[in-house]
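*Asks:* One structure, pasted below without further comment.
Please treat every number below as a calculation from the coordinates, not as lab data. This is a predicted model, so every value here is computed, not measured. Using ideal geometry, Cβ is built from the backbone for each residue, glycine included, and neighbour counts are taken over all protein chains shown.
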Amino acid sequence: MERYERNIPAISTEECEKLKTKHVAVIGCGGLGGYIIELLARIGVGKITVCDGDVFGVSNLNRQILCTEDDLGKSKALQAADRIMSVNSGVEVGCFDEFMTNENVSEIISGCDIVFDALDDISARKILAKACERYNVPYIYGAISGWAFQAAVCLPGSGLIEKLFPEHVEITDKSVLAFTPSMCASFQVSLGLKVLLGREVEPSRVYYVDLLFSETECIDF
Amino acid sequence: MVEVRLFAGLRKGRQKVYQMESASVKTVKDIMDALDIEVKEVNILLINGFHQKPETEVKDGDVVSLFPAVGGG
């Protein structure tokens, strides 16, 4: 238990034990996913399944914590799995070195207590959100652009992702600064931790954080 | 007057807050046109804190808030 003594009393000993029984999926191992898996492994979640079909490229170096100059061309999912095992060998790791699709999403999220959205694509988010609705799995939303991020807890039945991304919406700002994914990922993990532990959350409340103007807005759906 | 609040990336090249004559703007879309904001850029649109659509009419005293979509990961 020494490993987790600094978790306590922010979370209780019983809650630490509870986390060891939890299975979490992280879909996407880039900017958000790299930080999310790091935090989940350190806090002591029992099983983490990672999924990404991409490999690291030069343009990932400005923000993706799993990517160093030595890692260019390497699989993001395999890198994430390796990182989890080196941070915490007590964590069981599942790894899908492939992109999430309509065909494999059920297998990826099967048996999960929550799923983290670390995707960078609207259509993939909608596939994941529908699967989470179908299998009754809470979905921890996160998205970033430039200096800003959004995060939320989407409980099954909320339809939040469809509401946030109606057909006409396009992402016009594709930039991301180094600190934006780390902030968003931390926020997502704090939300996910509360869901896993049965702590109080505000489902369908979108936290919109603008780091350029240091402003936070809470928007209920 | 209608108060228009812009957030995050929508502030680039624009002000944070505008006061617009209610007689000059009938709908939120009119406001967006006046500020050169495309409908596809906005994923959260509130009037007085309630979710609305671009075609929703505005009236004197309304506060319109526009948030840009973010989608990266």
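*Asks:* Before we move on, is B:G73 within 12 Å of chain A (Cβ to nearest Cβ) and either basic (K, R) or in contact with a strand residue (DSSP E or B) (Cβ under 8 Å, 6 or more places away or on another chain) (or both)?
*Replies:* Judged against the criteria, B:G73 is a match.
Conditions tested, residue by residue: (1) over 27 Å from A:Y208 (Cβ atoms); (2) in contact with a Pro (Cβ under 9 Å, 6 or more places away or on another chain); (3) within 14 Å of chain B (Cβ to nearest Cβ).
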{"position": "A:D52", "(1), (2), (3)": "no, no, yes"}
{"position": "A:V55", "(1), (2), (3)": "yes, no, no"}
{"position": "A:N62", "(1), (2), (3)": "no, no, yes"}
{"position": "A:A81", "(1), (2), (3)": "yes, no, no"}
{"position": "A:N88", "(1), (2), (3)": "yes, no, no"}
{"position": "A:E92", "(1), (2), (3)": "yes, no, no"}
{"position": "A:L119", "(1), (2), (3)": "no, no, yes"}
{"position": "A:S123", "(1), (2), (3)": "no, no, yes"}
{"position": "A:S145", "(1), (2), (3)": "no, yes, yes"}
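*Asks:* Further question on the same structure: Which of the residues that make up the range A:103-158 are among the hydrophobic types (A, V, I, L, M, F, W, C), more than 25 Å from A:E170 (Cα to Cα) and in a helix (DSSP H, G or I)?
*Replies:* A:I108, A:I109
*Asks:* Do any residues in the range A:95-117 that are free of Cβ contacts under 8 Å to residues at least 40 places away in the same chain have Cβ atoms under 7 Å from those of residues that are crowded, with 20+ Cβ neighbours inside 10 Å and small (G, A, S), where the two are at least six apart or on different chains, and which pairs are they?
*Replies:* A:V105/A:A131; A:S106/A:A131
*Asks:* Here is a further query. Residue by residue through the range B:40-60, note down the ones that are more than 15 Å from B:R5 (Cβ to Cβ) and more than 13 Å from every other protein chain (Cβ to nearest Cβ).
*Replies:* B:T56, B:E57, B:K59, B:D60, listed by residue number.
*Asks:* Would you pick out the residues in the range A:175-205 that are facing another protein chain (nearest Cβ under 10 Å) and either among the acidic types (D, E) or touching a residue at least 60 places away in the same chain (Cβ under 8 Å) (or both)?
*Replies:* A:V176, A:T180, A:P181, A:C184, A:A185
*Asks:* Also: Considering only residues that are of a type in the set (F, W, Y) and surrounded by 20 or more Cβ atoms within 10 Å (Cβ to Cβ), which ones fall in the range A:163-214?
*Replies:* Selection gives A:F165, A:Y207, A:Y208.
*Asks:* Next question, about the same structure. Taking the condition of being touching a residue at least 40 places away in the same chain (Cβ under 8 Å) and closer than 23 Å to A:S186 by Cβ, how many residues in the range A:50-91 meet it?
*Replies:* Start the filter on the range A:50-91 by keeping residues that are touching a residue at least 40 places away in the same chain (Cβ under 8 Å), which leaves A:50-54, A:62-65, A:76-77, A:79-80, A:83-84, A:87-88, A:90-91.
Imposing the further condition that a residue be closer than 23 Å to A:S186 by Cβ reduces the set to A:50-52, A:54, A:62-65, A:76-77, A:79-80, A:83-84, A:87-88, A:90-91.
Adding up the residues that qualify gives 18.
*Asks:* Kindly provide the set of residues from the range A:47-63 that are in contact with a strand residue (DSSP E or B) (Cβ under 7 Å, 6 or more places away or on another chain) and surrounded by fewer than 18 Cβ atoms within 10 Å (Cβ to Cβ), ordered by number.
*Replies:* A:V55, the sole residue that qualifies.
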